[in-house]
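So the structure is just underneath, and the comments pick up after that.
The values are calculated or read from the model by the stated rules, or taken from the named source; none is laboratory data. What you see is a predicted model; the values in this text were computed from it and never measured. Cβ atoms come from the backbone with ideal geometry, glycine included; neighbour counts cover every protein chain shown. When the accessible area is computed, the model is the full protein with side chains, heavy atoms only, and any ligands, DNA or RNA have been set aside. Shrake-Rupley method; radii C 1.70, N 1.55, O 1.52, S 1.80 Å.
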Amino acid sequence: MKRRCTKTAMAAGAVLAAVAVGPGGTATAQGPSCQPTCPGAGQPHPVTSEYDYLSQMVPHHEDAITAARQLRRSERPEMRQLGQSIVTTQTAEVGKMKGWLERWYPRSPAPSPRETTMPDLSGLSGDQLDQTFLRHMIPHHMMAIMMSQQLLMHGEARHAEVAGFARKVRDDQRAEVRTMWRYLTQWFGEQSLPCFPRGPGMPGMTPGPRGPH
């Protein structure tokens, strides 16, 4: 457990190193540790296999798509564009992941909906819609970045396509985190990153489905 926790902290550190910088280059978030710091951001299982990664990432993407669709009602064109980008990109990625699961893991359980880690945005509008989305989507993205980084760090990808996919998810969502953090700072004056999600291997975690190897 301690070894997995250390690797998780390393992965989380790579995320924070890229985005936890405030105006003027000053760090505004604490470094990662093996303590639960963001219970509301979801609790992913350790990424222990390629199947595990794909089967977790499908519902995680679907959760983001549902929330991002609500940004069609945003009064800010930047937020509407961000929402459409997330919907378009992640819908295509869900299709790709489901295709891989069907092709390579036909006898394993199909991804199933999980408890949402995003709030219900349907009743929000204006600044409340935008700020709530940003505050929750940043840690949601960070979780996907951590999962992707873990797959790569642990060498669990069995197919080159999945390794390339994980790198793209990590890099694309890291760029979106920077954008969303900039919006929170410029529009709402926030000076610290939203809470960091619990990482795989933290206390209370249990291994996810390994699938075939």
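Considered as a group, the residues in the range 149-165 that are in contact (Cβ under 8 Å) with a residue 40 or more places away in the chain and either touching a Cys at 6+ places or on another chain (Cβ under 9 Å) or not in a helix (DSSP H, G or I) (or both) include one that is farthest from Arg103 (Cα to Cα), and that residue is His154. Taken together, the residues in the range 85-99 that are more than 12 Å from Ala64 (Cα to Cα) and in contact with an Asp or Glu (Cβ under 7 Å, 6 or more places away or on another chain) amount to 0.
Just checking, which of Pro44, Pro39 is at pLDDT below 95 and open to solvent by 10 Å² or more (accessible area, probe 1.4 Å)?
Pro39
Within the range 119-148, residues that are under 17 Å from Leu71 (Cβ atoms) sit with their Cβ atoms under 8 Å from residues that are among the basic types (Lys, Arg) and surrounded by fewer than 24 Cβ atoms within 10 Å (Cβ to Cβ), at 6+ positions apart or across chains, in these pairs: Ser125/Arg73; Leu129/Arg73; Asp130/Arg76; His141/Arg174.
Scoring Ser125 on the criteria (1) modelled with pLDDT of 95 or more; (2) hydroxyl-bearing (Ser, Thr, Tyr); (3) surrounded by 15 or more Cβ atoms within 10 Å (Cβ to Cβ) leaves a single failure, condition (3).
Going by the conditions given, is Met137 open to solvent by less than 10 Å² (accessible area, probe 1.4 Å) and either modelled with pLDDT of 95 or more or acidic (Asp, Glu) (or both)? Yes: the conditions hold for Met137. Once the range 68-122 is narrowed to residues that are of a type in the set (Asp, Glu) and either buried (at least 18 other Cβ atoms within 10 Å of the Cβ) or farther than 20 Å from His141 by Cα (or both), the residue that is nearest to the chain's Cα centre (by Cα) is Glu93.
Yes/no per residue for (1) part of a loop (DSSP other than H, G, I, E, B); (2) modelled with pLDDT under 70:
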| position | (1), (2) |
| --- | --- |
| Glu176 | no, no |
| Gln191 | yes, no |
| Phe196 | yes, yes |
| Met205 | yes, yes |
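The sole residue among Thr89, Thr66, Thr116 that is assigned to a loop (DSSP other than H, G, I, E, B) and either without any contact (Cβ under 8 Å) to a residue 60 or more places away in the chain or farther than 27 Å from Glu190 by Cα (or both) is Thr116.
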